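Please treat every number below as a calculation from the coordinates, not as lab data. Keep in mind that this is a model prediction, so the values were computed, not measured. Neighbour counts run over all protein chains shown; Cβ positions are idealised from the backbone, glycine included.
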Amino acid sequence: MSTTSAFVIELPEGSIAIHDLSLGSPPPDAPVVLAVHGITANGLSWRRVADEIGHRHGPGAVRVLAPDLRGRGDSRSAPAPYGLAAHVDDLVSVATAFAATPVLLGHSMGAFISALAAARHPERFSGAVLVDGGLAFPVPDDLDVDAALRSVIGPAMDRLSMRFPDPAAYLDFWSQHPALGPVLRGPGGDAARAYIEHDLVEDAPGEWRSTCVLDAVRADGADVMADRETHGALRAAVADGVGTELVWAERGLLDEPQGLYDESRLEALGVPSEVRVTRVDANHYDVILGARGVEAVVDAVDRQLGA
């Protein structure tokens, strides 16, 4: 049930689709927030954050651009190479197309991409907000990427090989998820449903599947788990003067009490002192889809826009 994106960057094969989630019609010189989604998500995951930015600043004051990353959503036709470096190049293309120096906003894998983009191109981005991602511990060189991904993202990975008879069945699948299900039943349900339905494509009558390309997820996951440049990107970006914030959720991907980070893990990871760190009473999903998370994320974005 893919929706039509506002903008498209044509590639030699396929294209990169970009959702303009701005409220109103920003002028060409409006500040830009470039929002980067997670490993099996799509650009519509940022709808509630974009709405809050629009409400705070007024219609047309800030442009919020949220691409469907290569191998997802309306960008599923964009071919390999996959991996975080390819996404960084695509983000630079978006910034160039809009003649902007955006604030990067990344969630989960998108936070790693944002950190890497800021580290490689500090002159192209005015700041970065990393949401529940962007920092990782080193892993063995012989890491089994598929096994590691399944241990971390669980049902999100499993669904890539599943088929559903209709969109309602797909929504029902997600309604059972302990972290995302409550979002679907809450005030942010409409935005969450639109995001989930955008991940559907119909192969044949009565056969719906996720738009996510498994090879893209594997390649991206390998970089998130094991790429040394990616793991050092936050420190490199800060060293080059890119203002950066980290917003982290207390609870995990299944709403379990232990999230991806906690104070002791962040201390062990050596977060640079220049990085403002904000803890949120949220889980990995509702940190960008629930009220508390959205408020904290947009607070951080506002500080970067002001800077």
If we count every other residue with Cβ under 14 angstrom of GLY290's Cβ, Lys/Arg +1 and Asp/Glu -1, where does the sum land? -4
Expected output is a single nm value to one decimal: the length gained when fully extending between VAL277 and GLN176, i.e. 0.36 nm times separation in residues minus the C-alpha distance. What is it? 33.2 nm
Looking only at VAL152, VAL36, VAL183, which one moves most when the chain is put into a Gaussian network model with springs between Cα atoms under 10 Å? VAL152
In units of 2.2 N^0.38 Å, the Cα radius of gyration of the chain is 0.91
Of all DSSP beta bridges in the chain, antiparallel share, percent nearest 5: 35 percent
Which of ALA282, ALA128, ALA194 moves the most in a Gaussian network model of the chain with Cα springs under 10 Å? ALA194
Short to long, in 5 Å steps from zero, the percent of alpha-carbon pairs of region 164-295 per bin is 2, 9, 14, 15, 18, 16, 12, 8, 3, 2, 0
Can you tell me, using C-alpha contacts under 8 Å and at least 6 residues apart, the relative contact order of region 1-131 as a whole percent? 27 percent
If each K or R counts +1 and each D or E counts -1, the residues other than MET162 whose Cβ falls under 15 Å of its Cβ total -3
With 21 Å as the cut-off, how large is the P(r) tail for region 43-132, expressed as percent of Cα-Cα pairs? 29 percent
Compare the peptides 256-269, 77-90 by average per-residue count of other Cβ atoms within 10 angstrom and give them in order, highest first. 77-90, 256-269
Around LEU91 (Cβ within 12 Å, Cβ-to-Cβ, excluding LEU91; K/R +1, D/E -1) the net charge comes to +1
Among GLU13, GLU274, GLU229, determine the one that fluctuates most according to a GNM of the chain built with springs between C-alpha atoms less than 10 Å apart. GLU13
So which trypsin sites (Lys or Arg not before Pro) in region 100-175 are both in a DSSP loop and have at most 14 other Cβ atoms within 10 Å of their Cβ? ARG163
